[in-house]
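The values are calculated or read from the model by the stated rules, or taken from the named source; none is laboratory data. Given the structure is predicted, the values throughout are model-derived calculations rather than measurements. All Cβ positions, glycine included, derive from the backbone under ideal geometry; neighbour counts span all protein chains shown.
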2 protein chains.
Amino acid sequence: MTLKLDKVNRGPHLSTLVASSISREIAQGRLKPGDQLPTEQALATTFGVSRNVVREAIARLRSEGRIWSQQGRGAFVVESNNPTVLTIDYEALQRADSFRNLFELRGILEVQAAAFAAKRRTEADLTAMGAALAGMRAAPYGSVAWLRSDLEFHRAVAEATRNGYMGQFLGFVSERVRESILAAGNQQKSDDMARITLGEHERILTAIRAGDVEGAQAAMRDHLAGAALRVGLHDGETAAEAAPVPEAASPVRHSRLRKAVRGQAAR
Amino acid sequence: MTLKLDKVNRGPHLSTLVASSISREIAQGRLKPGDQLPTEQALATTFGVSRNVVREAIARLRSEGRIWSQQGRGAFVVESNNPTVLTIDYEALQRADSFRNLFELRGILEVQAAAFAAKRRTEADLTAMGAALAGMRAAPYGSVAWLRSDLEFHRAVAEATRNGYMGQFLGFVSERVRESILAAGNQQKSDDMARITLGEHERILTAIRAGDVEGAQAAMRDHLAGAALRVGLHDGETAAEAAPVPEAASPVRHSRLRKAVRGQAAR
DNA sequence: CTTGTCGTGTTATCATACAACCCTGATTTA
DNA sequence: TAAATCAGGGTTGTATGATAACACGACAAG
């Protein structure tokens, strides 16, 4: 048996804890946009860590676009509440409704990507898709090679849109969806599925090659509906029902707080 | 006159430069997934900075999910090449084709959001949208209050999709688009525009209230086409032509490199 | 009222030291 | 011989002190 021990080692770094703590202060409004943070020295003493750790935490928050600092002045909470990075909380994705929502978003992007691909694909794109399909045919269903080819096919479609952001976003969303599916691990495999899935992909490629925008959209929609069924999502149309907006906050569990971190940042 | 001096202060931190440099090594494949990075000491000497700076850079990369490190062993490039966060390079967005691509992506999301909103909106959603529209009517075109109400309207639409990720992504993309427009600053304002823009929004709301999915999509499409014209994008249909995939690398300009950073990380 | 100077406080960076930990290989032990 | 133990070096994590660069207000000089 392969025992399934989750990685509880998530961020044993002090800087991670400090960053989360400050992040929480911001999220919960105790530090408002435009506010100045305490000095690094003050933070270091209140948290009971070295100034170095505080600096690493601040570097992280700065890269996330939550705070902004200037030499000689101080560090400030950034004005716009929209951070410059987009993150998806892994824990939240375990909830069925969240997963369904993300799957829905992926569907939107994939279908439109197929449409643009049908309009803008080059010969190179088509051969790339064909190669990916061949890889799927050659590999056993569900194997690593099969999954890689599957991913490659969708990547090629995204590439064919000639819109880099499309590929970036689609890749990001798909990866999160894939992770979540793997984590759940309740996939059943059968020979029929291989044939069906392959057929779906082939129809997509055919439509894209023909430049058939509507057809490509429809084929991709079919494919996603099939995929939804295969991973256990039923009736993808009525997806989200009163799902609260998932906040991007507090990805760190408190139970594992270390002795040093016990204060609040700035009261 | 208000002279227009941009903030060139973007990231004068050494740690940012180091992080970008390592990030580029990964993106360009000189550091493959699973590879071990040079030791912090080695990086510090090759970059000509202190180990502290290297640590801040690594803390940042770790928070972005690109690197994984363990005490006593070393730091490694994470296996999946898909980072756990999504970022958009601000500099790249200044290029017209990039901006066009992002605008196109926004359009996809907005149109589909309108469709879902028409299907799933509640009374509360409708009143929120109505309030936002009222705010636009009351404020002068282009003013801060007007922009806020505009943003609020679109946020309400996204909220009405009952899909939190939709709101998250849409907000993220829209914010980047808005920043870019503000940075360009070549907006011309007229009274006609206020009326036209307001009308577009009203049609969207009407369709959503009526539960008219097709109508909401069409109205939103019109609105975005109008917005594209207003910000100087012409013929949004043939957006990207042979635009290379924008890699998420090198957000730092080299001309401003400081004396210390001149090496490569790990060859 | 403007300008220049100075002192203080803050961030940015450097340098060093130590603790915790992993890995390897030799040594001891069964 | 085979396994367990232990010592050593190497690496990351953290602490500490010092210096440079910068911002800002106070204050004097013009």
Task: Top-ranked residue in region A:93-105 [being surrounded by fewer than 18 Cβ atoms within 10 Å (Cβ to Cβ) and not charged (D, E, K, R); ranked as modelled with the lowest pLDDT] - done: A:94
Task: Residues located in region B:126-151, provided they are of a type outside the set (Gly, Ala, Ser), assigned to a loop (DSSP other than H, G, I, E, B) and touching a helix residue (DSSP H, G or I) at 6+ places or on another chain (Cβ under 6 Å) - done: B:141
Open item on the list: Step by step: first the residues of region B:83-109, then only those that are closer than 30 Å to residue B:220 by Cβ, in a loop (DSSP other than H, G, I, E, B) and not β-branched (Val, Ile, Thr), then the one that is nearest to the other protein chains (Cβ to nearest Cβ). Which residue is that?
Closed with: B:90
- [ ] Exactly one condition in (1) modelled with pLDDT under 95; (2) under 29 Å from residue B:227 (Cβ atoms); (3) of a type in the set (A, V, I, L, M, F, W, C) is not met by residue B:108; state its number.
- [x] (1)
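For region A:36-60, give me the residue count where each residue is among the basic types (Lys, Arg) and either touching a residue at least 12 places away in the same chain (Cβ under 8 Å) or over 22 Å from residue B:58 (Cα atoms) (or both).
Keep residues of region A:36-60 that are among the basic types (Lys, Arg), which gives A:51, A:55, A:60.
Next, only the ones that are either touching a residue at least 12 places away in the same chain (Cβ under 8 Å) or over 22 Å from residue B:58 (Cα atoms) (or both) stay: A:55, A:60.
Looking only at that region, the number is 2.
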TODO: Test residue B:155 against the stated conditions and say whether it is outside any helix (DSSP H, G or I), surrounded by 17 or more Cβ atoms within 10 Å (Cβ to Cβ) and among the charged types (D, E, K, R).
DONE: no
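Results for (1) within 14 Å of chain B (Cβ to nearest Cβ); (2) of a type in the set (A, V, I, L, M, F, W, C), shown as yes or no for each residue.
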site: A:40; (1), (2): yes, no
site: A:43; (1), (2): no, yes
site: A:52; (1), (2): yes, no
site: A:60; (1), (2): yes, no
site: A:63; (1), (2): yes, no
site: A:71; (1), (2): yes, no
site: A:78; (1), (2): yes, yes
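For the condition at pLDDT below 90, surrounded by fewer than 20 Cβ atoms within 10 Å (Cβ to Cβ) and more than 20 Å from residue B:112 (Cα to Cα), what is the one hit in B:175, B:179?
After applying the criteria, what remains is B:179.
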